[in-house]
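Peer 1: Provided herewith is a single structure, encoded as structure tokens, for subsequent inquiry.
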Amino acid sequence: MIPPVSSRSGHDAAVRRLTDLSRQLADVQQQISTGRKVVKPGDDPVAFARAATLKRADAAGNVQRRAMDAAMSRLSASEVALAGTADIMARAKELALAGRNATMNAGDRAVLAGEVGELLAATRGLAEARGADGEALFAGAGQPPSYADDADGLATWAGLGATPRVAVLGRTLAAGVTGPEAFGVTAPLPPVDPLAPPPDPEVPPEPRVRNLFDTLAHLAESLTETRPLFFDAAMDEALGAIDGHIDGLAAAQATLGTRGARLEAEAERLDKAQLQIRTEVSKLEDTDLAEAIARLDRLGVVLDAAQASFARVSRLSLWDEIR
């Protein structure tokens with residue numbers, strides 16, 4: 001016998017209710033086991049879309065953080081190289097002052113000149129320092145080497161362009177300094193005027209602007225000068241140039257330190273922003289275990305009651321009432 005429409009509708013509704021409760025119970029159990037309450041758009045479209053937006057922002061932050069870490073590493077390595085160069089120039093000044101002493105003889109000054117030559121080699125090595133990425137620190141955007149000898153045997157910058165930059169708060173910051181910024185530039189010799197009289201061999205040449213390496217080479221050469229007038233002029237020029245390079249190195253180190261401080265401050269801000277983003281994503285996607293367990297217990301009680309009620313109603317018949 002086919003049951004009445006009203007009874008059949010009630011039976012179907014009860015089955016749907018039990019099925020829905022079972023599905024909800026299974027969903028909560030999965031959320032507890034996986035720790036995630038939003039896995040696909042159907043779980044919560046609004047939360048899923050918001051979490052996806054936050055994840056993109058977090059991924060972009062990760063890219064920027066890696067770039068900033070590389071820049072800070074480059075700045076730190078550059079500071080170390082310049083600090084070493086500053087120490088060498090301080091020693092060069094000591095040697096220049098010692099060589100300037102009238103009690104020194106030619107043999108003593110030759111020994112000093114030899115040590116200056118070693119200092120020059122050391123500075124050339126520091127100028128070729130590389131960062132963790134293998135790129136030359138002072139070659140700007142160019143490839144190693146940072147310096148090469150020209151036709152006259154003088155060290156000239158072989159780099160290219162400017163130092164790589166990193167984005168900071170909508171602007172870009174140079175991740176280092178170039179060779180010329182750190183070690184100076186040798187001014188080219190003026191063109192020879194064929195109509196000018198030849199230089200007086202008894203008059204020392206005018207001082208020139210020299211880069212750090214040229215200055216050390218000039219100092220080594222000056223220490224072996226035997227003509228008193230030329231020796232005095234050359235040593236005065238060398239000492240003045242050394243003081244200028246020491247000041248220039250200090251300024252370059254200060255620049256690197258300032259840029260490093262800016263990067264560290266931005267890195268701290270970015271870390272806090274990413275932590276906030278990840279916290280929000282966790283709130284949107286992760287399961288609140290206390291709430292989920294309470295809901296699981298509640299659904300279990302409701303499902304047990306609904307099953308008992310459905311079983312009791314399904315057994316009802318006229319013969320049950322007669323008995």
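Peer 1: Show me the ranking of peptides 215-228, 57-70 by mean Cβ neighbours inside 10 Å, starting with the highest.
Peer 2: Descending packing order for the listed peptides: 215-228, 57-70.
Peer 1: For A162, what residues show an amide H to amide H distance below 5 Å, using hydrogens built from the backbone and excluding near sequence neighbours?
Peer 2: Correct list: A141.
Peer 1: In addition: Checking the cross-link filter: which lysines have an alpha carbon closer than 29 Å to that of K40, excluding same-chain neighbours under 8 positions apart?
Peer 2: K55, K272, K283
Peer 1: As a test question: what accessible area, to the nearest 10 Å², does L275 have when a 1.4 Å probe is rolled over all protein chains in place?
Peer 2: Roughly 110 Å² of L275 is accessible to a 1.4 Å probe.
Peer 1: What does the charge count near L137 come to, summing +1 for each Lys or Arg and -1 for each Asp or Glu among other residues with Cβ under 15 Å from its Cβ?
Peer 2: With Lys, Arg at +1 and Asp, Glu at -1, the net is 0.
Peer 1: Here's a follow-up. Roll a 1.4 Å probe over the protein chains and send me the accessible area per residue for segment 165-286 in Å².
Peer 2: The answer is 57 Å² per residue.
Peer 1: What FRET efficiency comes out for the pair A57/V192, r = Cβ-Cβ distance, R0 = 45 Å, nearest 0.05?
Peer 2: Taking R0 as 45 Å, the efficiency between A57 and V192 is 0.10.
Peer 1: Now for a different question. Counting Lys and Arg as +1 and Asp and Glu as -1, each charge on the Cβ, what is the dipole of segment 181-240 about the Cα centre in debye, to the nearest 20?
Peer 2: With Lys and Arg at +1 and Asp and Glu at -1, about 120 debye.
Peer 1: Take A251 and L97, extend 7 Å from each Cα along the Cα→Cβ direction, and tell me the distance between the two endpoints in nm.
Peer 2: Placing both labels 7 Å along Cα→Cβ, they lie 2.3 nm apart.
Peer 1: Listed highest first by mean packing, meaning other Cβ atoms within 10 Å per residue, what order do 254-264, 137-147, 82-92 come in?
Peer 2: With the highest mean Cβ count within 10 Å placed first, the list reads 137-147, 82-92, 254-264.
Peer 1: Seen from all sides and averaged, what is the projected area of the convex hull of the Cα atoms in segment 87-162, in nm²?
Peer 2: For the Cα atoms of segment 87-162, the hull's average projected area reads 6.4 nm².
Peer 1: Going out from 0 in 10 Å bins, what whole percent of all Cα-Cα distances in segment 46-176 drops into each bin?
Peer 2: Here the calculated profile for segment 46-176 is 11, 27, 24, 17, 11, 6, 3, 1, 0.
The values are calculated or read from the model by the stated rules, or taken from the named source; none is laboratory data. Keep in mind that this is a model prediction, so the values were computed, not measured. Glycine gets a Cβ as well: all are built from the backbone with ideal geometry, and neighbour counts include every protein chain shown. Each accessible area value is taken on the protein alone, full model and side chains, heavy atoms only, with ligands, DNA and RNA left out. Shrake-Rupley method; radii C 1.70, N 1.55, O 1.52, S 1.80 Å.
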